[in-house]
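One structure, as structure tokens, below. Some questions next.
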């Protein structure tokens with residue numbers, strides 16, 4: 001008996017030792033400890049700096065490397081960060097890193113399977129992405145129809161703000177965090193599901209609050225239970241697992257109800273109304289290109305698109321308006337350009353963008369500062385390979401940190417300051433070659449054109465009609481973000497009044 005126990009102990013110690021060895025020529029980084037890896041180093045740096053991106057930057061300064069790569073082990077997972085423009089581009093352009101991570105975190109969100117389009121890979125991902133982009137274009141995506149949808153939502157913003165002002169005797173107090181979220185979601189969801197939500201929709205507002213909670217409690221490297229899976233059994237709430245499941249159950253219920261509604265009203269002989277109709281038609285007629293198509297996959301695609309349509313563009317707008325409120329001279333210059341090019345008698349259109357470099361530069365600068373606190377969606381090494389000369393074992397997680405690209409002192413003067421003029425040269429838009437907020441390669445964000453269009457039209461339509469002012473006696477709102485999978489602005493209010 002004692003011999004058996006001793007053998008088990010020896011084997012356990014041997015396994016812990018071997019599991020704790022860094023692979024040869026692995027990127028530099030903190031020391032690995034049994035079971036936890038370098039998680040404690042990350043946690044300590046995060047507590048010191050307040051944000052994961054700043055924690056990684058802090059650790060990178062302790063292990064300086066001109067190649068812009070740093071290595072970790074978090075629980076069971078090896079992870080590598082690409083932290084400057086060169087390493088980011090190499091990672092995103094290397095097909096060896098085209099995988100997405102596997103494991104409980106990435107499967108729990110979709111019924112224990114890897115489904116959807118954001119976190120799938122290889123042939124499954126290629127088929128689904130190709131199908132989605134092709135058919136979304138039929139309903140306006142990246143075409144003229146999309147412009148009309150966005151312009152209509154921008155006009156609705158003006159109408160809704162105007163109604164609030166009428167109710168408030170000439171002015172209205174508005175909380176700016178998430179103020180544009182419903183309108184941003186509608187621009188994509190109309191093409192996805194033929195649905196437009198009103199700002200008073202309580203179910204949607206609740207769902208978006210859950211989504212905000214989810215993205216505040218996780219990060220792009222996952223959650224505590226994803227790196228230490230056993231914690232979901234012994235500490236489900238402390239590890240974040242229980243909340244993760246509950247929030248996704250609510251989202252599944254909401255989106256599932258929309259799919260059910262579509263199925264009840266669906267007639268295969270009619271022209272498809274939206275992407276959901278096209279997908280249902282493909283399933284009903286058994287003419288799916290492969291077995292990657294299923295009702296569960298439709299739900300997962302809708303979930304991914306709902307998240308994509310609610311999250312990053314909304315938060316970029318939040319940050320852009322935050323910096324505009326903090327810099328009133330920027331608002332005045334935007335309004336001067338609007339008055340000169342458009343006037344007050346018609347709404348802005350995308351055709352105006354080429355003639356409005358300062359407005360365009362403001363959206364680019366807001367996007368730069370938002371992305372400076374953001375990570376890309378994680379990748380996974382499909383085989384043993386290399387990044388910037390370092391060995392990367394198969395199944396290593398790779399994450400791009402945009403902070404190095406967006407705050408590079410060699411590329412940007414005073415990089416932490418908000419300054420739209422950095423994107424202007426001789427009165428025209430000038431975009432540095434190293435500026436890639438939407439990524440590069442085949443995983444470049446497929447919603448880039450829609451996001452840019454939303455940013456320009458929502459910004460110009462709002463500031464064409466309204467001034468945004470801080471309440472009397474209010475302090476200047478903080479530009480220190482709330483950490484999470486994507487950063488958020490802190491809650492603050494403005495007074496909106498007609499110009």
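The values are calculated or read from the model by the stated rules, or taken from the named source; none is laboratory data. On a predicted model such as this, the values are computed, not experimentally measured, just so you know. Heads up, the Cβs are rebuilt from the backbone with ideal geometry, glycines too, and the neighbour counts pull from every protein chain shown.
Of the residues that sit in the range 399-424 and are within 18 Å of residue 79 (Cα to Cα) and not in a loop (DSSP other than H, G, I, E, B), which one is farthest from the chain's Cα centre (by Cα)?
Here the residue is 404.
Which numbered condition trips up residue 99, out of (1) surrounded by 16 or more Cβ atoms within 10 Å (Cβ to Cβ); (2) modelled with pLDDT of 95 or more; (3) more than 30 Å from residue 255 (Cα to Cα)?
(3)
Mind telling me which of the residues 140, 170 ends up being in a loop (DSSP other than H, G, I, E, B), over 19 Å from residue 454 (Cα atoms) and touching a residue at least 40 places away in the same chain (Cβ under 8 Å)?
Only one candidate passes the filter, namely 170.
While we're on this one: With the condition kept exactly as written, say whether any residue in the range 425-435 is in a strand (DSSP E or B) and in contact with a strand residue (DSSP E or B) (Cβ under 9 Å, 6 or more places away or on another chain).
no
With the condition kept exactly as written, say whether any residue in the range 468-483 is in a helix (DSSP H, G or I), buried (at least 20 other Cβ atoms within 10 Å of the Cβ) and at negative phi.
Looking for residues that are in a helix (DSSP H, G or I), buried (at least 20 other Cβ atoms within 10 Å of the Cβ) and at negative phi, one finds none in the range 468-483, hence no.
Please tell me if residue 264 is without any contact (Cβ under 8 Å) to a residue 40 or more places away in the chain, part of a helix (DSSP H, G or I) and farther than 25 Å from residue 425 by Cβ.
The answer is yes for residue 264.
Of the residues in the range 450-476, how many are more than 23 Å from the chain's Cα centre (by Cα) and either over 18 Å from residue 336 (Cα atoms) or at pLDDT below 95 (or both)?
Looking only at that region, the number is 7.
For residues that are over 17 Å from residue 77 (Cα atoms), modelled with pLDDT of 95 or more and in a loop (DSSP other than H, G, I, E, B), scanning just the range 374-398, find the one that is farthest from the chain's Cα centre (by Cα).
The residue in question is 389.
Related question: Restricting to the range 73-83, what's the tally of residues that are surrounded by fewer than 24 Cβ atoms within 10 Å (Cβ to Cβ) and under 16 Å from residue 219 (Cβ atoms)?
Residues in the range 73-83 being surrounded by fewer than 24 Cβ atoms within 10 Å (Cβ to Cβ) and under 16 Å from residue 219 (Cβ atoms): 3 in total.
Given the range 279-373, what helices (runs of 4 or more DSSP H) lie entirely inside it while holding 1 or more residues that are in contact with a helix residue (DSSP H, G or I) (Cβ under 8 Å, 6 or more places away or on another chain) and modelled with pLDDT under 95?
Because the criterion is at least 1 residues that are in contact with a helix residue (DSSP H, G or I) (Cβ under 8 Å, 6 or more places away or on another chain) and modelled with pLDDT under 95, the helices (runs of 4 or more DSSP H) in the range 279-373 that meet it are 295-310, 312-326.
Results for (1) touching a helix residue (DSSP H, G or I) at 6+ places or on another chain (Cβ under 8 Å); (2) at pLDDT 95 or above; (3) loosely packed, with under 12 Cβ neighbours inside 10 Å; (4) on the phi > 0 side of the Ramachandran plot, shown as yes or no for each residue.
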{"site": "2", "(1), (2), (3), (4)": "no, no, yes, no"}
{"site": "5", "(1), (2), (3), (4)": "no, no, yes, no"}
{"site": "13", "(1), (2), (3), (4)": "no, no, yes, no"}
{"site": "16", "(1), (2), (3), (4)": "no, no, no, no"}
{"site": "25", "(1), (2), (3), (4)": "no, yes, yes, yes"}
{"site": "30", "(1), (2), (3), (4)": "yes, yes, no, no"}
{"site": "33", "(1), (2), (3), (4)": "yes, no, no, no"}
{"site": "38", "(1), (2), (3), (4)": "no, no, no, no"}
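Let me ask something else. Would you check which residues across the range 105-117 are over 14 Å from residue 303 (Cα atoms) and buried (at least 18 other Cβ atoms within 10 Å of the Cβ) and list them?
105
Residue by residue, here is whether (1) over 30 Å from residue 74 (Cβ atoms); (2) out of contact with any helix residue (DSSP H, G or I) (no Cβ under 6 Å at 6 or more places or on another chain); (3) surrounded by fewer than 15 Cβ atoms within 10 Å (Cβ to Cβ); (4) modelled with pLDDT of 85 or more holds:
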{"site": "190", "(1), (2), (3), (4)": "yes, no, no, yes"}
{"site": "215", "(1), (2), (3), (4)": "no, yes, no, yes"}
{"site": "238", "(1), (2), (3), (4)": "no, yes, yes, yes"}
{"site": "243", "(1), (2), (3), (4)": "no, yes, no, yes"}
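While we're on this one: How many residues does the range 233-255 hold that are free of Cβ contacts under 8 Å to residues at least 24 places away in the same chain and more than 13 Å from residue 306 (Cβ to Cβ)?
Residues in the range 233-255 being free of Cβ contacts under 8 Å to residues at least 24 places away in the same chain and more than 13 Å from residue 306 (Cβ to Cβ): 11 in total.
Hey, among the residues in the range 55-80 that are in a helix (DSSP H, G or I) and in contact (Cβ under 8 Å) with a residue 60 or more places away in the chain, which one's farthest from residue 398 (Cα to Cα)?
Checking each candidate, the answer is 57.
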